[in-house]
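What follows is one structure encoded as structure tokens, with my remarks underneath.
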Amino acid sequence: MIVWVASLGVLMFAGALAVLFQRSLRGAILTFGIVSLASALLFVLMKAYDVAITEASIGAVLTTAVFFWSLRRLEDEGYEDKE
Amino acid sequence: MKTRNEILIHLGALLLVAALAVAAGLAVTADEPGLGLLDAGVESRPSARYVFKTVRAAPPEGGAVVEPGGKGYENGAANIVTAVVADYRVLDTLGEVLVLFAAASGVGLLIPIRRRSAGERQASPIVRTAVPLIMFLALITGAYIVLHGHLSPGGGFSGGAVIASAFILRFLAGRRPDPRGKRLLSALESAAGLALLTVGLIGLAVSGTFFAGFMPQGTLGSFASGGILVIVYTLIGIKVAAELSGLSADFVGGK
């Protein structure tokens with residue numbers, strides 16, 4: 001189990017760094033969703049199922065969707081996302 | 001090219017992460033009893049009472065935990081997390097619900113009404129066909145999580161968020177929120193909030209404590225157990241689902 005926890009931790013750390021240093025906002029939002037999903041899996045491994053359900057639905061779905069809608073509003077105002 | 005401010009912000013974030021890592025290391029290796037995460041003195045922590053007594057402790061007449069079929073446990077809920085969140089610490093949960101309400105109304109207040117832009121992209125036919133099916137599954141799963149919060153992992157917050165994620169999927173597939181549905185959502189949310197406070201006031205009237213349990217505990221492991229827990233968490237589930245769906249409808253924008 002420690003191997004799974006460690007690899008998920010490494011994935012989350014790398015994902016968080018990638019969010020910081022990515023040029024494209026769209027890609028950063030998606031990477032952020034992946035970090036949330038990995039943390040939900042981590043909660044499952046640690047037997048915190050209650051937290052895992054909340055993290056999967058709020059962190060991975062709601063937050064990502066809200067960021068995307070905000071990005072669309074920015075694009076309505078003339079913002080150009082870097083590729 | 002990055003500006004100097006961006007580099008400073010990234011540096012600050014990295015420093016914060018490093019400080020958190022050091023603090024976590026100190027917490028894990030602390031020597032004082034009851035402070036370190038890995039030491040054996042768990043019994044000395046305040047949380048130990050909840051961990052060891054409420055659900056997993058022996059019933060008043062003695063003996064091991066019987067599930068299902070056990071009677072006379074302190075709280076009657078098989079899921080200890082729900083027992084703490086929606087019964088012992090329900091006042092904190094009420095505050096949490098108020099925080100969520102303030103956030104949702106802040107979004108509704110501050111966000112400008114979005115004009116429909118000319119080049120609105122349509123979702124692909126695959127997405128538009130699959131979304132109703134997935135939405136159906138998500139709604140059923142969410143309702144199950146809300147209603148069985150006292151028996152299995154989950155509860156009002158997580159189940160309500162799952163129900164809201166069904167509506168979010170629908171919005172992501174290109175459906176626009178209609179004003180009648182939004183009015184219905186806010187009415188539902190207000191009704192659930194008022195009913196939640198009423199449950200607390202009934203407890204106050206019956207036994208002199210806000211949110212005191214006024215219903216029988218029932219049998220451990222059966223659906224009708226946990227006293228007011230089911231009612232409280234169902235109301236919270238309705239409120240959270242309506243709030244988060246309304247928030248995403250605000251973000252998507254009107255017609």
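The values are calculated or read from the model by the stated rules, or taken from the named source; none is laboratory data. Just so it is clear, the structure is predicted and the values come from calculations on it, not from any experiment. Counting neighbours? That spans all protein chains shown, and the Cβs are built from the backbone with ideal geometry, glycine included. Keep in mind that these areas ignore ligands, DNA and RNA; they rest on the heavy atoms of the full protein, side chains included. Shrake-Rupley method; radii C 1.70, N 1.55, O 1.52, S 1.80 Å.
Here are B:136, B:167: which of them is surrounded by fewer than 13 Cβ atoms within 10 Å (Cβ to Cβ), modelled with pLDDT of 90 or more, in a helix (DSSP H, G or I) and of a type outside the set (S, T, N, Q)?
Working: B:167 fails: surrounded by fewer than 13 Cβ atoms within 10 Å (Cβ to Cβ).
Going through B:136, B:167 in turn, the sole match is B:136.
Summed over region B:230-247, residues that are of a type in the set (D, E, K, R) and either in contact with a Lys or Arg (Cβ under 7 Å, 6 or more places away or on another chain) or within 14 Å of chain A (Cβ to nearest Cβ) (or both) total 1.
Listed by position, the helices (runs of 4 or more DSSP H) enclosed by chain A that each have at least 2 residues that are among the acidic types (Asp, Glu) are A:63-76.
Out of A:20, A:62, A:11, A:74, which single residue is more than 28 Å from residue B:111 (Cβ to Cβ) and either in contact with a Cys (Cβ under 8 Å, 6 or more places away or on another chain) or not acidic (Asp, Glu) (or both)? It would help to see each step written out before you state the result.
On the way: A:20 fails: more than 28 Å from residue B:111 (Cβ to Cβ); A:62 fails: more than 28 Å from residue B:111 (Cβ to Cβ); A:74 fails: more than 28 Å from residue B:111 (Cβ to Cβ).
Criteria check complete, one pass: A:11.
Have a look at B:227, B:221, B:155 and point out the one that is within 14 Å of chain A (Cβ to nearest Cβ) and either in contact with a Gly (Cβ under 9 Å, 6 or more places away or on another chain) or at pLDDT 90 or above (or both).
Details: B:227 fails: within 14 Å of chain A (Cβ to nearest Cβ); B:221 fails: within 14 Å of chain A (Cβ to nearest Cβ).
After ruling out the rest, the residue left standing is B:155.
So is residue A:40 more than 10 Å from every other protein chain (Cβ to nearest Cβ) and either among the charged types (D, E, K, R) or within 24 Å of residue B:146 (Cβ to Cβ) (or both) or not? Spelling it out, residue A:40 is indeed more than 10 Å from every other protein chain (Cβ to nearest Cβ) and either among the charged types (D, E, K, R) or within 24 Å of residue B:146 (Cβ to Cβ) (or both).
Per the listing B:158, B:190, B:165, the residue uniquely farther than 24 Å from residue A:56 by Cα and small (Gly, Ala, Ser) is B:190. Of note, residue B:112 satisfies the criterion of being within 13 Å of chain A (Cβ to nearest Cβ), surrounded by fewer than 18 Cβ atoms within 10 Å (Cβ to Cβ) and over 16 Å from residue B:245 (Cβ atoms). Does at least one position in region A:27-46 carry a residue that is free of Cβ contacts under 8 Å to residues at least 12 places away in the same chain, open to solvent by 50 Å² or more (accessible area, probe 1.4 Å) and under 26 Å from residue B:154 (Cα atoms)? Yes, the conditions are met somewhere in region A:27-46. Would you confirm whether or not region B:209-226 contains a residue that is within 30 Å of residue B:108 (Cβ to Cβ) and surrounded by fewer than 16 Cβ atoms within 10 Å (Cβ to Cβ)? There is at least one residue in region B:209-226 that is within 30 Å of residue B:108 (Cβ to Cβ) and surrounded by fewer than 16 Cβ atoms within 10 Å (Cβ to Cβ). Got at least one residue in region B:148-161 being farther than 16 Å from residue B:97 by Cβ and among the aromatic types (Phe, Trp, Tyr)? Checked region B:148-161: no residue is farther than 16 Å from residue B:97 by Cβ and among the aromatic types (Phe, Trp, Tyr). The residues of region B:23-52 that are modelled with pLDDT of 80 or more and under 30 Å from the mean Cα position of the chain (by Cα), listed by number, are B:23, B:24, B:25.
Do we find that residue B:149 is in a loop (DSSP other than H, G, I, E, B) and either more than 14 Å from every other protein chain (Cβ to nearest Cβ) or open to solvent by less than 30 Å² (accessible area, probe 1.4 Å) (or both) in this structure? I'd like the intermediate steps shown before the answer.
Values: in a loop (DSSP other than H, G, I, E, B): yes; either more than 14 Å from every other protein chain (Cβ to nearest Cβ) or open to solvent by less than 30 Å² (accessible area, probe 1.4 Å) (or both): yes.
In short, yes.
Right, residue A:54: of a type in the set (Ser, Thr, Tyr) and surrounded by 19 or more Cβ atoms within 10 Å (Cβ to Cβ) or not? Considered against the rule, which asks whether it is of a type in the set (Ser, Thr, Tyr) and surrounded by 19 or more Cβ atoms within 10 Å (Cβ to Cβ), residue A:54 comes out as yes. A single entry from B:174, B:95 fulfils the requirement of being outside any helix (DSSP H, G or I), under 21 Å from residue B:247 (Cα atoms) and open to solvent by less than 50 Å² (accessible area, probe 1.4 Å): B:174. Taking the criterion of being more than 9 Å from chain B (Cβ to nearest Cβ) and over 19 Å from residue B:253 (Cβ atoms), would at least one residue in region A:64-79 satisfy it? No: region A:64-79 contains no residue that is more than 9 Å from chain B (Cβ to nearest Cβ) and over 19 Å from residue B:253 (Cβ atoms).
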